[in-house]
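**Q** Here it is, the structure in full.
The values are calculated or read from the model by the stated rules, or taken from the named source; none is laboratory data. On a predicted model such as this, the values are computed, not experimentally measured, just so you know. Virtual Cβ from ideal backbone geometry, glycine too; neighbours counted across all protein chains shown.
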Amino acid sequence: MEALERRASLDPNRLPRGRTYARGGAVGELDCSPGLVTAPVQGSRKAPYLARIRVRSFSEEEWAAVMDSLAGQIGHAAALLDGELVPEVAGDVRRVGLDLLPGPGELQPRCSCPDWADPCKHAAAVCYLVADELDRDPFLLFLLRGKTREELLAGIRQRRAAGTAGPVASPAEPGSGGEWEQDAGVPARESWRWEPPASPAVIPALPRHPGRPVLLLDEAPPGSGVDAAALASLGADAARRAWALASGVGEAGLELSLEEDAARWASAMVEGLPAPVGLDVLAARTGTGRRELFRRALAWSSGGRRGLEALLEDWEPSPAELAPGRRALGPGARARANRVSLGDRQLRLGRDGRWYPYRKVRGTWQPEGRPLEDPTQGT
């Protein structure tokens, strides 16, 4: 957007109109190809105009330098090969004197409309949608510079396998004919002598969600017994725990019992997050039936440790403490221990003072939704 706004400095009034066109649905489907984006844009005439946005493509020599730089950073290359474009990749490209993001003069908007402005509002609208598309698929940056995702990743893999990937060496890929190299490691004396850098004066802002761990480029050596998928899921879980600790949101899971940690892992599986084993395997290893483990996963998703406690424990609150639950469910509600039930609905009073909603499904009470501070306002 900065490149667009600099180019449009002669007529900045076109930009707000371009935004209006973009947000108003006037732009048709984007067609992205190496160095070019085209899209139909509905203007004042019956037939839509055709807007084209050209971006300067890197030369083959420039691409060779870019892929050498990317392949030489094992962590960044691994993230690329795993389908993730980490922000540090832009720095890898800048180190060879180039920039993924187009700068002033590298965007060439054109349109079939009669407007003389450069860019016109139709081309500006397409640029705004390209910015949105980059949020969804950052690999589009490479396509705009001339390489498809497949071509980029093939070039990185080739350099990693050939050992020509810049300063960072890697072991040969299985089946490539090379031998696995032994990492010499770091002498303990040098490690202990190292002094950590000073703490930053300004603490960086916490990301909005946990990051994804970088995977190794190569498979583990044959016969090593290392499960790469399990390692990846454990790394992702560690990232989630670290984020929970830093943000104070959710359960970090550092002091959980086996029962609680199994519910936490099952909750991650139910939510579609990576896990080292499946739900059936986890149920068998913990001695918990699959259906019961699923219930515990729902309880953990709704309220963490307290939610699981409300599922598993009975306790005896006073009638006054149960009164809000009775009022919420209405006439005929019955109370037993910390549970108030009516038909297929139930409210469980947790020891934290919150009410946990349940619903009977195929004869079994299952957690249903987040806990309520006041059940009369939330059911």
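**Q** Just one of (1) among the aliphatic types (A, V, I, L, M); (2) at pLDDT below 70; (3) surrounded by 18 or more Cβ atoms within 10 Å (Cβ to Cβ) trips up Leu152, so point out which.
**A** (2)
**Q** Right, another one. What's the number of the condition Arg345 fails, among (1) in contact with a Pro (Cβ under 8 Å, 6 or more places away or on another chain); (2) under 17 Å from Leu258 (Cα atoms); (3) surrounded by fewer than 20 Cβ atoms within 10 Å (Cβ to Cβ)?
**A** Arg345 satisfies every listed condition except (2).
**Q** Small (Gly, Ala, Ser) and on the phi > 0 side of the Ramachandran plot: is that true of Gly325 in this structure?
**A** So Gly325 fails the test.
**Q** Taking the residues in the range 106-120 that are touching a residue at least 60 places away in the same chain (Cβ under 8 Å) and under 33 Å from the mean Cα position of the chain (by Cα) as candidates, determine which candidate is nearest to Leu30 (Cα to Cα).
**A** The qualifying residue nearest to Leu30 (Cα to Cα) is Pro109.
**Q** Report whether or not Glu271 is within 15 Å of Ala310 (Cα to Cα) and surrounded by fewer than 15 Cβ atoms within 10 Å (Cβ to Cβ).
**A** no
**Q** Could you tell me whether Val226 is modelled with pLDDT of 75 or more, of a type in the set (Val, Ile, Thr) and either under 27 Å from Gly72 (Cα atoms) or not assigned by TED's automatic domain parsing to the domain that holds Pro87 (or both)? First the steps, then the outcome.
**A** Numbers: modelled with pLDDT of 75 or more: yes; of a type in the set (Val, Ile, Thr): yes; either under 27 Å from Gly72 (Cα atoms) or not assigned by TED's automatic domain parsing to the domain that holds Pro87 (or both): yes.
Against the criterion (modelled with pLDDT of 75 or more, of a type in the set (Val, Ile, Thr) and either under 27 Å from Gly72 (Cα atoms) or not assigned by TED's automatic domain parsing to the domain that holds Pro87 (or both)), Val226 qualifies.
**Q** Before we move on, is Arg359 surrounded by 18 or more Cβ atoms within 10 Å (Cβ to Cβ) and in contact (Cβ under 8 Å) with a residue 12 or more places away in the chain? Please lay out each step first, then the result.
**A** Numbers: surrounded by 18 or more Cβ atoms within 10 Å (Cβ to Cβ): no; in contact (Cβ under 8 Å) with a residue 12 or more places away in the chain: yes.
Taking the combined requirement at face value, the residue does not satisfy it.
**Q** Okay, next question. Among (1) in a helix (DSSP H, G or I); (2) touching a residue at least 12 places away in the same chain (Cβ under 8 Å), which single condition is Arg351 missing?
**A** Here Arg351 clears every test but (1).
**Q** In addition: Among the numbered criteria (1) in contact with a strand residue (DSSP E or B) (Cβ under 8 Å, 6 or more places away or on another chain); (2) part of a helix (DSSP H, G or I); (3) buried (at least 19 other Cβ atoms within 10 Å of the Cβ), which single criterion is violated by Glu321?
**A** Failed condition: (3).
Quick grid of which residues meet (1) part of a helix (DSSP H, G or I); (2) under 31 Å from the mean Cα position of the chain (by Cα); (3) among the hydrophobic types (A, V, I, L, M, F, W, C):
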site: Asp280; (1), (2), (3): yes, yes, no
site: Ala283; (1), (2), (3): yes, yes, yes
site: Phe294; (1), (2), (3): yes, yes, yes
site: Ala297; (1), (2), (3): yes, yes, yes
site: Trp300; (1), (2), (3): yes, yes, yes
site: Leu308; (1), (2), (3): yes, yes, yes
site: Asp314; (1), (2), (3): no, no, no
site: Pro317; (1), (2), (3): no, no, no
site: Lys360; (1), (2), (3): no, no, no
